[in-house]
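The values are calculated or read from the model by the stated rules, or taken from the named source; none is laboratory data. What you see is a predicted model; the values in this text were computed from it and never measured. Reconstructed Cβ throughout: ideal geometry from the backbone, glycine too, with neighbour counts over all protein chains shown.
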Amino acid sequence: MKISIIIPTYNNLKYLNFLLSSIKENSNYDHEIILHINDGSDGSLDYAKKLNIKYSHSNENIGLCSSVNTAAKLSTTNYILYCHDDMFFCKNWDLFLETEVNKYDDKLFYLTGTNVSVNNGLINLDCGNVPENFDIVKFDEFCINDLSQDLQGSHWAPHLVHKELWNRIGGFSEEFNPGDASDPDFCMKLWNCNVRVFKSISKYKVYHFNSITTRKSNIKLNNGTKQFLLKYGFNPRFFRKYYLKGNNLSPYVDKLKEPKISIFMLFDLIINKIKYFYYKILS
């Protein structure tokens, strides 16, 4: 199964090189790697040219959503996988995804990796905080021995969808640039297209160095929570809790169903509607 791997990057060559080395060494198929290079003055542009990597380029940082969409237009495979440029893929990651994809007769699925990190990951494990001190042996051994279950309600990168589904929803919503709440918005659009499989694959692990790009001082984040609320009438937390059932990282059971109305849900919805009308009045 060949995949188009979409990677937006913004002057992050050290981490980008580390990610690409893991894809090269730990894949079983010759995947299509597509970068969107923002600026590239750190050598990223020359790097892509030297290695003959497919890429799109902008002189300035155009934001995560626009970067991903621009690169995705160059895709020639049936599957699109978006990931951050500061990740490291485990061995046989693509076989794990292929096994999962083959379970479905339709194209209505959203599959993600399981993030491992020093902190704030789905799994917290200290294998290093920069590529120079990354403990590959420790990470590999953990991936082999870990018995974690697949998780319900995933809504994070790296994520894989069928290209037809990607095109149907129009990729990422560029009004969410530079990227805050772009993942739940992407998932909400999938939900509205009848996708009910939002699943994190436990064997497909990625080590994440925790959003190196978005922590750069010259990037001003959007208020994604507010944007999501005004777009859908409730905030991302409400969507994760009542639609994706993913707030508590519960084990995957089956396809999701429409939310069941409860007193707690109605109370949360009322709070969301109050905030919605408050923002509307202010605007």
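A few comments on the model shown:
- Filter result for His155 (within 19 Å of the chain's Cα centre (by Cα) and farther than 22 Å from Tyr15 by Cα): yes
- Candidate set from segment 249-260 (those that are in contact with a Gly (Cβ under 9 Å, 6 or more places away or on another chain) and within 25 Å of Phe176 (Cβ to Cβ)); member that is modelled with the highest pLDDT: Leu256
- Test: residue in segment 37-52 that is under 23 Å from Ile144 (Cβ atoms), out of contact with any strand residue (DSSP E or B) (no Cβ under 9 Å at 6 or more places or on another chain), among the basic types (Lys, Arg) and surrounded by fewer than 20 Cβ atoms within 10 Å (Cβ to Cβ): no
- Residue within segment 89-109 that is surrounded by 14 or more Cβ atoms within 10 Å (Cβ to Cβ), at positive phi and not acidic (Asp, Glu) present: yes
- Verdict on Asn167 being modelled with pLDDT under 95, over 12 Å from the mean Cα position of the chain (by Cα) and over 16 Å from Phe89 (Cα atoms): no
- Pairing residues of segment 28-42 that are closer than 30 Å to Tyr204 by Cα with residues that are small (Gly, Ala, Ser) and in a loop (DSSP other than H, G, I, E, B), at Cβ distances under 9 Å and at least 6 apart in sequence or on separate chains, gives Glu32/Ser75; Ile34/Ser75; Asn38/Gly63.
- Within segment 64-109, considering residues that are among the charged types (D, E, K, R) and free of Cβ contacts under 8 Å to residues at least 40 places away in the same chain, the one nearest to Val137 (Cα to Cα): Lys103
- For the condition of a type outside the set (Val, Ile, Thr) and over 26 Å from Pro236 (Cβ atoms), Asn115 does not qualify.
- All strands (runs of 3 or more DSSP E) inside segment 34-144 with 2 or more residues being under 24 Å from Cys187 (Cβ atoms) and among the polar types (S, T, N, Q): 110-117
- Checking each residue in segment 89-132 for being acidic (Asp, Glu) and under 19 Å from the mean Cα position of the chain (by Cα) picks out Asp94, Glu98, Glu100.
- Inter-residue pairs, beta-carbon under 9 Å, first over 20 Å from Glu98 (Cα atoms) and without any contact (Cβ under 8 Å) to a residue 40 or more places away in the chain and in segment 187-208, second in a helix (DSSP H, G or I) and not aromatic (Phe, Trp, Tyr), 6+ apart: Lys189/Arg168; Lys189/Ile169; Asn192/Ile169
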